[in-house]
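A quick write-up on the structure given underneath.
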C-alpha cells in the first residue's frame, strides 16, 4: 500500500536515513520503534508529504486516504466538541451531498446511456461513502468521543473549555472518525486513561480494517495491537514479523548471530593479513599474496551497530521506616465547585500501608485517585477522617503537575543539583546519566525540554533523595519505553514503600504486589499483584 524505497534524508551534516526501505501493506498492524531522534516522526512526515526525502522513492496510490495523529494538534476554537470532530469528515459530508444530488437527477427523464453513466458513478460514490462510515457518521462520532472518555454532556461544550490533554483526545477522535485506509498514530495513548486505552485497543482490533503504523510507549498496548515491528536505527529500517515482545527476543538473537559472524570474519581477516605480511617480500609467494589481497578487497566487511548503552537507576540508601507506614481511617473528601456546589469525591476510606509494599491505586477516570494521593502527602486536607503517619516516614511525591514547578531558566544539571546541594559534580552527573541525560544533554535548559525530558528531571530530583515512601501519580506519562524500563528496574530494587497511579499495565504488572481500588467513592483492597486484581475483577 505504501512503499518507502532507498530513502536518503539529511538534516544539515547529519544523515537521518541512509538507504532506508520499509513497507506498510494493506491491513497490516505495524509498530514503529527506535531511540529518540532516530527518525520515527520523520517517517510519518515523509509518508504524509510534510517532508521530502533527499533521494529515494515514496509510492502510494492517490486514492489512499491517510489519517495522521501527531502530538501537535494545532489550534481548536469556535466549535463544540462534536462539531470539531465532525469537521474532520468534511469530504464524507460532501460525498453525501453529491449522492443526494445524483438521486434527484435520477428522478428526472434522461436517455439510457446517460442513466447508465449516472448509475455507475452513483454506485462508486455509495461504495466509498459506506466504506468511510458515511451512513453512521454522527453516531460514530458520539461513540468515539464516549470511548475516549467524554460524557454526552461534553459534546456541546466549546472546545476552548478543555485542557490540552483533552484537546489531544478530540484530535484523536477526528482521525478515527474518517476511518482512513492508512492510520498513522504517533503516541496515541499519551493523554489517555486506562479505560480509554482499553477502548482504543478494542476499536483498533475489531472496528478498524485499514493499515496501521504507530509509535507507542505502552508495551501492553503495542503487544496486543501490532503483528510486525519496524525498527529505525543507524539510518536504516529493519522489519520484524511479530509483536513487541517477539521483536525484543528476535533483535537479541539477530545481534548475537551478527556478532558471531563478525568474530568469524575478523579471525579470517587476521589470518589472511598475517599471511600477506609474512610473505609479501618473497618472490616465490607473490602470486598467492596478490590473490589474497584481491580477495580481501572484495569482501564486504560486517559492521556492528552501535551498542545501546545500558543504564541503571541506582536509588540512594534509605532510612528504615516503621512497619506501618500509614493508616487511613474513615477518610472522606469533598470539593466545593466555583458555583458553591459541594461534590463528594470519596468517603470512609480505611486501610493500612505497610513497609516495602508496592501498591497500585486504580479506578476509573474521576474516581479520586489523584485526590487521595494529595491527601496522603498532606497537599490537601481530608474533609473527614484522618491519616496517621508511621514512625520515620519520609515522603517523596511526584504529581501530575510536578513539571510546572521547574525553573525554565535552569539547566538539567542545575535543576538536579538544586535538590542535592551538598553532592559533588561527579555524583550529579551520574544521577543525570541514570535518567538518560548524558554528555551535552545536562546543559539543556528546562524551557527547551520535551514533556518526557521534564518528567525525567523531576523524577531525578525526587528519587535521588533518601525518601522511604514514594507517592507517584502517573510517573510514566510522557516517558518512552527505554525510560520506563530504567525507572521500572530502579523501583523494583527500591527498598522502601510505594503507592502509585499509572495507566501502563506492563509497569503495574511487573512492579506492584497489592492493589487499592476506588469505586463509586469507596475503596476495596486486593491482597495480591495486578494480575490477581484483574482476575478477581474480571477486567
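If you go through the range 33-88 and pick out every residue that is in contact (Cβ under 8 Å) with a residue 60 or more places away in the chain, assigned to a loop (DSSP other than H, G, I, E, B), closer than 27 Å to residue 450 by Cα and touching a strand residue (DSSP E or B) at 6+ places or on another chain (Cβ under 9 Å), you end up with 7. On the given criteria, is residue 518 assigned to a strand (DSSP E or B) and out of contact with any helix residue (DSSP H, G or I) (no Cβ under 7 Å at 6 or more places or on another chain)? So residue 518 fails the test. Looking only at the range 11-21, residues that are touching a residue at least 40 places away in the same chain (Cβ under 8 Å) and within 17 Å of residue 40 (Cβ to Cβ) come to 6 in all.
Determine, yes or no, whether residue 256 is in a helix (DSSP H, G or I), at pLDDT 90 or above and either assigned by TED's automatic domain parsing to the domain that holds residue 38 or within 29 Å of residue 65 (Cβ to Cβ) (or both). Taking the combined requirement at face value, the residue does not satisfy it.
Results for (1) on the phi > 0 side of the Ramachandran plot; (2) assigned to a helix (DSSP H, G or I); (3) surrounded by fewer than 18 Cβ atoms within 10 Å (Cβ to Cβ); (4) at pLDDT below 90, shown as yes or no for each residue.
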| site | (1), (2), (3), (4) |
| --- | --- |
| 191 | no, no, no, yes |
| 200 | no, yes, no, no |
| 206 | no, yes, yes, no |
| 221 | no, yes, no, no |
| 229 | no, no, no, no |
| 232 | no, no, no, no |
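Filtering the range 266-278 for residues that are over 44 Å from the mean Cα position of the chain (by Cα), loosely packed, with under 12 Cβ neighbours inside 10 Å and not in a helix (DSSP H, G or I) leaves an empty set. Counted as qualifying within the range 312-419 are the strands (runs of 3 or more DSSP E) with 3 or more residues that are more than 28 Å from residue 483 (Cβ to Cβ), namely 324-336, 342-354, 384-389. With respect to (1) closer than 29 Å to residue 423 by Cα; (2) modelled with pLDDT of 90 or more; (3) in a helix (DSSP H, G or I), the lone exception for residue 482 is condition (2).
Please enumerate the residues belonging to the range 401-441 that are under 21 Å from residue 478 (Cα atoms), at pLDDT below 90 and exposed (fewer than 15 other Cβ atoms within 10 Å of the Cβ). Those that are under 21 Å from residue 478 (Cα atoms), at pLDDT below 90 and exposed (fewer than 15 other Cβ atoms within 10 Å of the Cβ): 401, 404, 405, 438. Checking the structure you have, find out if any residue of the range 286-301 is touching a strand residue (DSSP E or B) at 6+ places or on another chain (Cβ under 6 Å) and either under 30 Å from residue 430 (Cβ atoms) or free of Cβ contacts under 8 Å to residues at least 24 places away in the same chain (or both). No; the residues of the range 286-301 include none that is touching a strand residue (DSSP E or B) at 6+ places or on another chain (Cβ under 6 Å) and either under 30 Å from residue 430 (Cβ atoms) or free of Cβ contacts under 8 Å to residues at least 24 places away in the same chain (or both). Out of 32, 82, report the one residue that is surrounded by 12 or more Cβ atoms within 10 Å (Cβ to Cβ), under 23 Å from residue 179 (Cβ atoms) and under 20 Å from the mean Cα position of the chain (by Cα). Result of the check over 32, 82: 32. Can you tell me how many residues in the range 13-32 are closer than 20 Å to residue 234 by Cα and in contact with a strand residue (DSSP E or B) (Cβ under 7 Å, 6 or more places away or on another chain)? Qualifying residue count, the range 13-32: 11.
Results for (1) farther than 25 Å from residue 392 by Cβ; (2) touching a strand residue (DSSP E or B) at 6+ places or on another chain (Cβ under 9 Å); (3) in a strand (DSSP E or B), shown as yes or no for each residue.
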| position | (1), (2), (3) |
| --- | --- |
| 452 | yes, no, no |
| 462 | no, yes, no |
| 467 | no, yes, no |
| 471 | no, yes, yes |
| 486 | yes, no, no |
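Which of the residues that make up the range 432-448 are out of contact with any strand residue (DSSP E or B) (no Cβ under 8 Å at 6 or more places or on another chain) and either part of a helix (DSSP H, G or I) or outside the structural domain of residue 413 (by TED's automatic domain parsing) (or both)? Residues satisfying the conditions are 432, 433, 434, 439, 440, 441, 447, 448.
The values are calculated or read from the model by the stated rules, or taken from the named source; none is laboratory data. Quantities reported herein were computed from a predicted structural model and do not represent experimental measurements. Heads up, the Cβs are rebuilt from the backbone with ideal geometry, glycines too, and the neighbour counts pull from every protein chain shown.
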